[in-house]
Amino acid sequence: MPGMPTEAGGAIVPFSGEAGQGAPPPPSVRHIRHGVTPPIFRVFVSWSSGNLLQVACLRQPSPEDGGGAEEVSGSVVEVNLGGGGSGRAEVEEKIDEAEMRRIEYGSLPAFALLQSRKNALAEAAAMSRVPALPEQAEWWQYVLEYSKTVGNLLGNPDSPPAFTIEDPKTILKVGEKPTSLRAAWELLEMFYVDKQLQGWLPERLVDWLADFDSLLSKKESTVYLKLSNFQKRLMKLQIVEDDPDYWNGLSAALSVGWLDIVVNMLRFHGSYQLDQMDNRETENGLVEAVAVLVSTMPRMRPDLPSGKLGQCCKTRPDFIKAWERWRGQVNKLECSAFWIQCGHQKTRDGLKNLLHIMMGNVKELTAATSHWLELFASHFLYIRPFTVGFEGMHHLAQKCIQLKPSSGTSGLTDLLIGILSENSEVVLAECTNNFGPWFVTHAMELLTADNDYADMMLHEERPNFGGISIEELHRIVYAQVLCSHSLTWQIAPTYLSSCLNQGLGLLEILLLKQPIQDNRLVLKTLEICRLYELEDVSTKIMKIAGIYHWKHGRKGAGVYWFQQAHDKVRLDRIAQQLFEHIGKSVTDDSFKQWEGLLELLGSDIGSAGGLEFLHRYRDFKRSLQQAREGRTGEAARQTVEFLIQLMRNPSTPQRFWLPLLHDAVDLLNCKPNPLLNVAETTLLLNKLQELSLAKLHPGFSSNHLPSQALNSVRLSLASNLARAILEE
Amino acid sequence: MADNPSFRRHPQPFSIDLVRWLPSSATSPSGRLLAAAVHDPSAASSDIHILSLADPSSPLASLPLPSRATALRCSPSALAAATSSGSLHLAPSSSFDAGAAVAVSGGAGFHVGPVRGLDFGGEEWVTAGEDGRIHVVGGGGDGRVVARRVWDGKGMTGYEAAKWASPAEFATGGAGCGVQWWDRRKGDAAVAQCSGIWGRGLVTGMVHSIDIHPSRKHICVVGGSSGTIFAWDLRWPQQPIPLSGIGLTTAQPLCESEVWEVLFDTYTQSSDILSSTSARLLPVMMCSEDGILAVVEQDERPLELLAESCAINSFDIDPQNPSDVVCALEWESIGILSRGRDAMAEE
């Protein structure tokens, strides 16, 4: 769309935001160096491939400028619009683009496998018409496998740091940095897919929080932040148990169930130092007793990863038994007489506080935790270990939010609330807003794993979306993101092909828009056409490539692509051009430069159209050359055979008849015994006659032979005929 | 196969177009080295990166190129890269300093457009471009490089591959024109020609890669479109020998897409090594657009080494440790495959 530039400065088009519509974000201004001196007459803007915008700036062509060669009269500039801040929310710490592409590549095989399984199951169900219940029961396991594969791409928080010698004073282990993409993915997997662990959901949430606590908030305090701040100060502290942060950190870590950290930190206590053992014996005994209680806390979960503390109870009765015993021990220690003998006030208070947390004292738990999600987890650990069902959890979450309102919301907490409130629309919206198109596209499989409502919501075709479903819409959006980058467009077809309504149409557009300058890229595009059986598209692409190469002087490549496309029309037209050229230089040796092209046409010429003639013509010319040089009877005979073949063949253009015959005149004349028999000579004479008649036709194109050529041919044919008759 | 423990992928933040092993010298402090042609579309930059095998994540040296690399080869003394804009760049292997590199720039005097055929013949480099020109590039004696034109196809043919057989002979191949044999002692024109054999009822196809074994200089192995691999023996130029391809051999074709590169595999022992006659072809390794890395042998079932989800655009067998193979994967990563003795025993 052409636009008029303003006169002043370098600005091309003034931009005014929509007035009154709230506060529109200021438009981002990009400066373009086009090198065209103002005044600029016209500006054209169009999309190139991917994020590239082509801006063409033109000057008014003026006659006075005619001689000014230095003046640039226009230029085309490509502007890359990528790299700017995309629509990701602030909680998303910058995953750099290359890393995101790695995730995109890695998730493709898993996605494709899941889709093919889905299709296979659907087919099987359609075939047997029996409700495929056993398969239904297994479906979530397929999704779980998919979820694990994709999850691993998003970073693995469990992976141990590679071979570092750990400082005994390290509180928080430095592993791989957790990402909110991974955190969100795990939440969805936990709640929607993994049916096996459904009974242990509270403990799974506690584990999840341990992995991703650092992501909850950037500004507000979290347990993670408390501990990492304390870690920084730890080196400078002489007597740790005098520092209130030490005890705060301990209670915070205990409240969210980071038992290994608590036990490790308790061992920093001064009473463990050898020189103080004697006078702080009781104190040390109390610290150790608390440490033992912490490390033997019963937890209802199938297993404990190595390095984590607590005693693992698989069944509810086991857990209740262990829990009562353990609570009894905690109570007993709390009421113990040893506390009076403990001289250190802060230790006494701190340890008692830890015991109260273990006894499930709401006040202490609320004080120890910072974020509502931490309070939420502490409730599972110490107050309500048997919380099950979304409703109960949602209720508890609401209570925790009231106790610890957080000013800024993060995508993760919003997502969790959405999940707990069993609102698939909210979950989907949170995924879309916070985690981008890649996440939504892949997470939809998790949402629908075992949720009929979500399944229906995502797959229902909606007229307001142009008849496509929400699932298809998100896949198309993601595919568009992939298409906008020249390295990822090749994986977009997988997603487009999974869109039943509009996918194939968009795929065709995508393929036809790929650059055709580079043969290798064309072949890659054609390979995709082959995979999706888009023969029409591949033929079109070949024709486009053929025209491009032909126009740029690579005639061989042009013909090659036309041949591949079986484009008879264009090959015939090319043949006409070549005839024109060869017709002019028929006796010229420059015929040699066409050799390569003729070689290209090959010997089997079914697809080459009129170019077939050229191939035979080349053979004739070669043979004629040999006959003239060698003057052997064999070569002359061969040449005449080629001549007859050419003259018999309907694809030989009429205008070549006379030049061909003229070329052969000396062969016809030189020999004492004729090379042609009566029938052959008659054929040639007939052709000559036909030619004389055609001369009267208005469309006849004359050739560049001397005027007496016709007569000399006629004469030699006549004499040949005479000799042939005599011979016979 | 995909989870072969001896195969490692190293993700890179840009497209890896080509990879080669660099001849390793005992003095090299960083161990075995790789050269990779990389392209970053967001920065619109193309480079040759020198990587160490131990840690391919960060380049040891980088050589900028004016456009995307289309060919990359090593000689004992230099690393050469040709580009899509028709230029040739030579860097001495003693130092991969960008300043020490010499270049022949693309244009009317050299190549116009991509140069995919590039090889070192012991004395000189040969370049064959899609513009139909063939050049021989050698030292001018004073540190400069001199390019001499052997042939100008004037766009009537376009070349995609070139390979020396001896210091005087080389083979080229291209789109639709099959394979040509050039003998510099017999003038500046091709002395033999083979239009090739192609499957799927195609009359012609595109040649992507040619290899010639130093011990059997009369045989070219050729890889091209439609999964086609054939051998061309100069002694019987009219009868190319099919190795793989749709409808060419009775067996199920190994791949149906483009075969990007072929190399004689010196590591895989021919199955009947004892009774081997000179007529039998040596095993050939290939990589393809549909992600196959495999070894094919005449009249044998192919041995699939890798089946990736993305294209394998380029690969190289380490001449000094032929058990090790490096490949360039479409999804911005370098793959390194080590074929240990155990891996072979399993087969």
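Just the residues that are outside any loop (DSSP other than H, G, I, E, B) and at the interface with chain A (Cβ under 10 Å from one of its Cβ atoms), please, taken from the stretch B:111-125. Before you say what the answer is, go through the steps one by one.
Within the stretch B:111-125, the first condition is being outside any loop (DSSP other than H, G, I, E, B), and the residues that meet it are B:115-120, B:125.
Answer for the stretch B:111-125, where residues must be outside any loop (DSSP other than H, G, I, E, B) and at the interface with chain A (Cβ under 10 Å from one of its Cβ atoms): just B:R116.
On the basis of being more than 21 Å from the chain's Cα centre (by Cα) and either surrounded by 19 or more Cβ atoms within 10 Å (Cβ to Cβ) or within 14 Å of chain B (Cβ to nearest Cβ) (or both), does A:A545 make the cut?
On the way: more than 21 Å from the chain's Cα centre (by Cα): yes; either surrounded by 19 or more Cβ atoms within 10 Å (Cβ to Cβ) or within 14 Å of chain B (Cβ to nearest Cβ) (or both): yes.
Yes.
Say whether the condition of being part of a loop (DSSP other than H, G, I, E, B) and buried (at least 17 other Cβ atoms within 10 Å of the Cβ) is met by at least one residue in the stretch A:227-239. Even if it seems obvious, please write down each step before you answer.
Step one: filter the stretch A:227-239 for residues part of a loop (DSSP other than H, G, I, E, B), giving A:235-239.
Filter again for buried (at least 17 other Cβ atoms within 10 Å of the Cβ), leaving none.
No, the stretch A:227-239 contains no residue that is part of a loop (DSSP other than H, G, I, E, B) and buried (at least 17 other Cβ atoms within 10 Å of the Cβ).
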Counted residues, the stretch A:514-538 - those being surrounded by fewer than 17 Cβ atoms within 10 Å (Cβ to Cβ), more than 10 Å from chain B (Cβ to nearest Cβ) and over 27 Å from B:G129 (Cβ atoms):
3
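Tell me, which strands (runs of 3 or more DSSP E) wholly within the stretch B:135-193 include 2 or more residues that are within 18 Å of B:A78 (Cβ to Cβ) and more than 14 Å from chain A (Cβ to nearest Cβ)? Step through it out loud before you land on a result.
Numbers: elements: B:145-152, B:159-164, B:169-174, B:178-183.
So the answer is B:145-152, B:159-164.
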For the stretch A:381-439, how many residues meet the condition of being buried (at least 19 other Cβ atoms within 10 Å of the Cβ) and part of a loop (DSSP other than H, G, I, E, B)?
2
Selection within the stretch A:440-489 - part of a helix (DSSP H, G or I), of a type in the set (S, T, N, Q) and surrounded by fewer than 22 Cβ atoms within 10 Å (Cβ to Cβ)
A:N464, A:Q480
Subset of the stretch B:71-92 (residues that are more than 21 Å from B:T172 (Cβ to Cβ) and among the aliphatic types (A, V, I, L, M)):
B:A78, B:L79, B:A91
A:Q638: in the same structural domain as A:A722 (by the TED database) and in contact with a Ser or Thr (Cβ under 7 Å, 6 or more places away or on another chain), yes or no?
yes
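Within the stretch B:47-87, considering only strands (runs of 3 or more DSSP E) that don't extend past its boundaries, which have at least 3 residues that are without any contact (Cβ under 8 Å) to a residue 60 or more places away in the chain and crowded, with 18+ Cβ neighbours inside 10 Å? Give the derivation first.
Values: elements: B:61-65, B:69-74, B:78-83.
Here the list reads B:69-74, B:78-83.
Each row is one residue, and each column tells you yes or no for (1) closer than 22 Å to B:V259 by Cβ; (2) charged (D, E, K, R); (3) modelled with pLDDT of 90 or more.
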residue: A:L504; (1), (2), (3): no, no, yes
residue: A:L507; (1), (2), (3): no, no, yes
residue: A:C529; (1), (2), (3): yes, no, yes
residue: A:D536; (1), (2), (3): no, yes, yes
residue: A:T539; (1), (2), (3): no, no, yes
residue: A:I547; (1), (2), (3): no, no, yes
residue: A:K551; (1), (2), (3): no, yes, no
Go through (1) in contact (Cβ under 8 Å) with a residue 12 or more places away in the chain; (2) away from chain A (no Cβ under 13 Å); (3) of a type outside the set (S, T, Y) and name the single condition B:A128 misses.
(2)
Of all the residues that make up the stretch B:232-255, how many are farther than 16 Å from B:T172 by Cβ and in contact with a strand residue (DSSP E or B) (Cβ under 9 Å, 6 or more places away or on another chain)?
15
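Applying the selection to the stretch B:322-341, what residues are more than 14 Å from every other protein chain (Cβ to nearest Cβ) and either crowded, with 22+ Cβ neighbours inside 10 Å or touching a residue at least 12 places away in the same chain (Cβ under 8 Å) (or both)?
Residues of the stretch B:322-341 more than 14 Å from every other protein chain (Cβ to nearest Cβ): B:322-327, B:336-341.
Listed by number, the residues that qualify are B:P322, B:S323, B:D324, B:V325, B:V326, B:C327, B:I336, B:L337, B:S338, B:R339, B:G340.
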Screening A:L381, A:L420, A:L416 for residues that are in the same structural domain as A:L365 (by the TED database), under 30 Å from A:H356 (Cα atoms) and either in contact (Cβ under 8 Å) with a residue 24 or more places away in the chain or of a type in the set (V, I, T) (or both) leaves only A:L381
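The values are calculated or read from the model by the stated rules, or taken from the named source; none is laboratory data. Being a predicted model, the structure only gives us computed values, none of them experimental. Cβ atoms come from the backbone with ideal geometry, glycine included; neighbour counts cover every protein chain shown.
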